[in-house]
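Below is one structure, written out as structure tokens, with a few remarks after it.
FYI, it's all coordinate maths here, none of it is from the lab. What you see is a predicted model; the values in this text were computed from it and never measured. Methodologically, a virtual Cβ is constructed for each residue, glycine included, from the backbone with ideal geometry; neighbour enumeration extends over all protein chains shown.
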């Protein structure tokens, strides 16, 4: 029997979890009043995705041109051959030596995940899963993706996307470097690769805000402590640039690109612009000229900047020490809370795949759910973890600077042993 219903009753994350656990093969169709999308599964792994608004191959060709991997002429030539031979566009591009196989694999992976992560943002619509014995996909150039890895990234994206949307409401807005951003000395080379993943380091964020001594309007910034993807995105913002163009040229998905832009705005390296003439002259949005862009978009950047101010300003001699200590403690709690939640996501995913809780947080590092630094709090101490096997329950503890457990940094979760039986019956 097919699995079907509405996303308001059974969300996309639940659907992915169910299909992945039961290793189903088939086609998941989602539709709302504006769009219809399909996701292909083979033994619980994602092997393709498409939408009716823009077919994957059409978008693939456009992105390859935007990212300068092929020319417009080469794309038109490949499309002409494809129309006659009915081959996949990627195969035509490879056979004509316009791109390398690894370029096609990277681009296909990015485009498929981009479609899927955008679907995670749907709040309403209908879904229908049709089981199949086999689904056709480009086995030579597409590596199947585990439902669990997409699920974990999708959940993180859902948590962070609302704050990103406050400063990047759509992909048609213009962004450009600030005077400070134009002085950043980038380490990335022209022939950059995208081998390194996006590392969310709040410690790097603090260093990036404060490392230049606070006065970046005078002199060259030697190092901004940006990670690889942030440098790539900043490099692509060469003048007033549409966000969609940055996404297309970066080779990253929408969420990764917008998250990097959000961080760069928080550091004061990028800001929004708007066009106010027919001749293409650009003027900064008046409200954003009056208020530094990082103030409304990043609580963490505010805390970091204010902390530096306290340590530098003569008021440091006037403000009472208890006030400074309380402020510093609050700053560390914000950072620590992020890591506690990240560990919790990893424990949930481990349980989803292994059907048991990890015996220690070290197992999450050994099996590549986390990296070593994720287990260390801002004071350099490991987070505490308790698991209760018989109850399928766990707790993760964060501490204050004196080593006391804080309720605000403690996460306790009870995980269900069985999935909803009625839903399982539908999909069997």
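Figures for the structure shown
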item: At 0.692 mPa s and 37 °C, Stokes D of segment 87-197 from Kirkwood alpha-carbon radius, µm² per second; result: 182 µm²/s
item: Shape parameters for segment 3-165, alpha-carbon atoms, Rg then Dmax in Å; result: 16.6, 48
item: Gained length - residue 155 relative to residue 134, 0.36 nm times residue gap less alpha-carbon distance; result: 4.7 nm
item: Most to least packed among 37-49, 384-396 [average Cβ atoms within 10 Å]; result: 37-49, 384-396
item: Reciprocal of mean inverse Cα separation for segment 1-83 (Kirkwood radius, Å); result: 15.0 Å
